[in-house]
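Here's the structure, in structure tokens; my notes come after.
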Amino acid sequence: MQLLNATLGAAVERILLLVDDEEDVIASLERLLRYDGYNILHANSGRQGLEMLARHEVGVVISDQRMPEMSGVEFLSQVKELYPETIRIVLSGSADFDSVKEAINQGAIYKFFSKPWDNEILRVDVMEAFWRQELAHEKERLLQEIQVANDQLAQVNVELAATMESKDVQIERIAHYDALTGLPNRVLFFDRLEQEIARAHRDNHMVAVMSFDLDRFKQVNDSYGHPVGDQLLQVVAGRLTSHVRACDTVARTAGDEFGVVLTGLKATHDAAEVAQKILDSFSRNPISVGDSAIFITLSMGISIYPFDGLNTTTLLKNAEAAQHQAKDEGRNNFQFYAGHMNATAWQRLNLETELRRAIERDEFTLYYQPKVDMESAKIAGVEALLRWQSPERGLVTPGEFIPLLEETGLILPVGEWVLRAACKQARAWQAAGLPNANIAVNLSSLQFKQPDFAGLVLGIMKESDLDPALGMIEIELTESLLMSNADGAVDTLNKLHDAGIRFSIDDFGTGYSSLSYLKRFPISSLKIDQSFVRDLPGDRNDEAIVAAIIALGHSLGLRIIAEGVEMTTQLSRLRSMGCNEMQGYLFSRPVSAAEMMYLLQNDESLHLPLEA
């Protein structure tokens, strides 16, 4: 008790109030307690005691029960109401116990002492009473400090969230928008086009892709200077946007080149009407830049989904080919891509027939490309890549047939075959005792939308005698796939993740501009798209984007994998930026299962140039 008294009471004045109408009782109590360090005050009645309490911060009050005008119980009951933190003790004869019993039960009185009292017990109880009061004060002080700290932490969290949101906006802007015009850039243009192709396939509509540049724009730069040229591009961007609907997309795809995606078309002449309206706007109305009025004309090419292509790359390539034809025709006109009603449709029909036959004849195979850990210089895992061993075409790469598999729905049986083959191979490598033989499998949006897709995956792994908890299978997803049905995706991914399957985002940075999904989904890694790696280390924009992706991923505890690494200079720059893993022809081309098994057994056969 003395130690507690010293600890809590060293810096606190302890004021003790004695209330009794008998002077000898007060004197006796004062003699007993004066050496315990209290500042002792006296009062000879309850009324006088209340006056003393109003002027002093009394810690403990000891009151006699039998007093004129106001009994001790009445006095202490008022003390409880007015000064609830003051500890209250009553002295009384044994005959008075019944009169104070109810007050004790109601909490008005802390302790009751019968006269005559035991001196040592009274001293200890008074000291304990002060200790309890000071402990209550200390608890209140700590609670206030905790509340202040919580308020400060909440404010820090608000500021941190605002900062992260601002950084997200900056990253989105850098990655997906042109700094000069504010229009979507080529990356976002491709993403929007990919989304519209999927929507058109679902709704049985057409999509028009327009590619055009400014005729003789170089002469503007040479004559007026680049600052004027930049202003002109900004005006062009605004004018183009004003001639399309909000659901359409206008993008700056290169220096003086622009692209437009027109959605929900039911006839090709809808695109022709928009094209002519744009051409007329420029040819009839000069652009005012400063004191100059500059006439600008456009050369435009148009391709139509599904006639001129089934994927973004083909459609834009064909639109650009039509644009070149427009220039050859004298500029200031638009041209549709030629041949969309014959050769393209025939080739597509023939390819679909061959693919259906390939499924029946089991002509598909898996190749594997290693992912290399930069810290250990060892293979960290492999990616399974689908190949088609066609008797007529030879070994066909996925870019030539997967878009058609997607469109026709054939991707479902082929995708299920890929997963089974990968699980079977992973089990074989596991049985052979190979380290780091986990396999990443790409997933299509159609597969992911299947009812109980999680059950399908886990069922295939069970058939292959492959325990998901071992982490041998990783699934690669695209941003667009996740966002097409975010709520359903969360449930599916969580079910698979709980079983032990890991997920990575493939082609990160080329899909949706919102990054909020990174917090919602159980993602373990991000794969930087090779379009950002290709021009490293020379392209400052790509360097900025890659650095931002790596910083973002690491801040979220994700591993970063770079795709398409083909040169030691790319490897060196990516390593210096903190990239965790890399994949590309610098390490190994995609190889057969037998060759991959050899590489897993002999990491040194990769001749990893990690000293770069």
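Would you check if Pro451 is assigned by TED's automatic domain parsing to the domain that holds Ala421, in a loop (DSSP other than H, G, I, E, B) and at pLDDT below 85? In short, yes.
Of the residues making up the stretch 270-326, those that are closer than 16 Å to Ala200 by Cβ and assigned to a strand (DSSP E or B) are Ile302, Ser303, Ile304, Tyr305.
All of (1) within 42 Å of the chain's Cα centre (by Cα); (2) without any contact (Cβ under 8 Å) to a residue 60 or more places away in the chain; (3) within 26 Å of Glu329 (Cα to Cα) hold for Asp280 with one exception: (1). Pairing residues of the stretch 17-39 that are closer than 13 Å to Met67 by Cβ with residues that are surrounded by 19 or more Cβ atoms within 10 Å (Cβ to Cβ) and of a type in the set (Val, Ile, Thr), at Cβ distances under 6 Å and at least 6 apart in sequence or on separate chains, gives Leu18/Ile26; Leu18/Ile62; Asp20/Ile26.
Here's the yes/no breakdown for (1) crowded, with 19+ Cβ neighbours inside 10 Å; (2) under 28 Å from the mean Cα position of the chain (by Cα); (3) at pLDDT 90 or above; (4) among the aromatic types (Phe, Trp, Tyr):
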| position | (1), (2), (3), (4) |
| --- | --- |
| Val382 | yes, yes, yes, no |
| Leu395 | no, no, no, no |
| Gly399 | no, no, no, no |
| Glu407 | no, no, no, no |
| Lys424 | no, no, yes, no |
| Trp429 | yes, no, yes, yes |
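The residues on offer are Val235, Val207, Val169, and the sole one that is of a type in the set (Val, Ile, Thr), in contact with an Asp or Glu (Cβ under 7 Å, 6 or more places away or on another chain) and either assigned to a helix (DSSP H, G or I) or at pLDDT 90 or above (or both) is Val207.
Inspect the stretch 526-533 for any residue being of a type outside the set (Val, Ile, Thr), free of Cβ contacts under 8 Å to residues at least 12 places away in the same chain and assigned by TED's automatic domain parsing to the domain that holds Glu479 and give the result as yes or no. Within the stretch 526-533, none of the residues are of a type outside the set (Val, Ile, Thr), free of Cβ contacts under 8 Å to residues at least 12 places away in the same chain and assigned by TED's automatic domain parsing to the domain that holds Glu479. Residues in the stretch 78-92 that are buried (at least 18 other Cβ atoms within 10 Å of the Cβ) and either among the polar types (S, T, N, Q) or not in a helix (DSSP H, G or I) (or both): 7 in all. For the residues Ile402, Ile359, Ile411, Ile379, the requirement of being in contact with a strand residue (DSSP E or B) (Cβ under 6 Å, 6 or more places away or on another chain) and touching a residue at least 12 places away in the same chain (Cβ under 8 Å) singles out Ile379. Yes or no: Glu128 under 17 Å from Asp36 (Cβ atoms), assigned to a helix (DSSP H, G or I), at pLDDT 85 or above and not hydrophobic (A, V, I, L, M, F, W, C)? Here the answer is yes, as Glu128 does meet what is asked. Regarding Glu476, is this residue among the charged types (D, E, K, R) and either buried (at least 17 other Cβ atoms within 10 Å of the Cβ) or outside the structural domain of Pro413 (by TED's automatic domain parsing) (or both)? For Glu476, the condition - among the charged types (D, E, K, R) and either buried (at least 17 other Cβ atoms within 10 Å of the Cβ) or outside the structural domain of Pro413 (by TED's automatic domain parsing) (or both) - is met.
Pull up the stretch 479-506, narrow it to residues that are closer than 15 Å to Gly455 by Cβ and among the β-branched types (Val, Ile, Thr), then point me to the one that is surrounded by the fewest Cβ atoms within 10 Å (Cβ to Cβ). Per the stated criteria, the residue is Thr492.
The values are calculated or read from the model by the stated rules, or taken from the named source; none is laboratory data. Small disclaimer: the values here were computed from a predicted structure and weren't measured. Cβ atoms come from the backbone with ideal geometry, glycine included; neighbour counts cover every protein chain shown.
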